[in-house]
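Rule-based calculations on the coordinates, nothing more; no lab input. Treat the numbers as computed from the prediction; the structure is a model and nothing was measured. A quick note on method: Cβ atoms are made from the backbone with ideal geometry, for glycine too, and the neighbour counts reach across all protein chains shown.
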Amino acid sequence: MGIQDDLIIDSGKTREVALACKMVGGGSDGSLDLGAKICIIDEYENILFRSYVKPHLPVTHYRYESTGIQPEHLRDAMPLRQVQRKIQDFLCNGEPIWKIRQRGGKARILGYNNLSTINED
């Protein structure tokens, strides 16, 4: 599948990152948003992390037309908790975000509106 599920960071260069997520549908009518694919890029648009995510609830609508995600993509996907931990370790050096905010620190997140990178496999 070409998914890069290990974070590769060059701390000397990476100062800002963007995070994008593709959502599939859960619940009886598929209207509940469930994260199914995540991508983190740096300010130079280098992919730092990209992975399918196994949602914590059953998927009832894959929204294939907009996500490109199919059932086989999520079969062997990384569990949600594992993805959350990898991202937290990167963004907060392993500390919970609430501890960083209490000390006046900031998470390393940059808003970004070009989601083309998340679709590349």
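Assorted remarks:
- Hydrodynamic radius of segment 30-89 per Kirkwood, over alpha carbon pairs, in Å: 12.4 Å
- For segment 51-60, Karplus couplings with θ = phi - 60° (6.51, -1.76, 1.60), whole Hz, Gly/Pro x: 7, 6, 10, 7, x, 7, 10, x, 7, 10
- Residues whose placed amide H lies under 5 Å from that of LYS37, excluding near-sequence neighbours: LYS22, VAL53
- SER28 versus GLN70: modelled label distance in nm, points set 7 Å from Cα along the beta carbon direction: 3.1 nm
- Annotation: extensible slack from ASN46 through ARG63 equals 3.5 nm (criterion: 0.36 nm per residue apart, minus Cα-Cα distance).
- Summed residue charge, Cβ within 14 Å of GLY25's Cβ, Lys/Arg positive, Asp/Glu negative: 0
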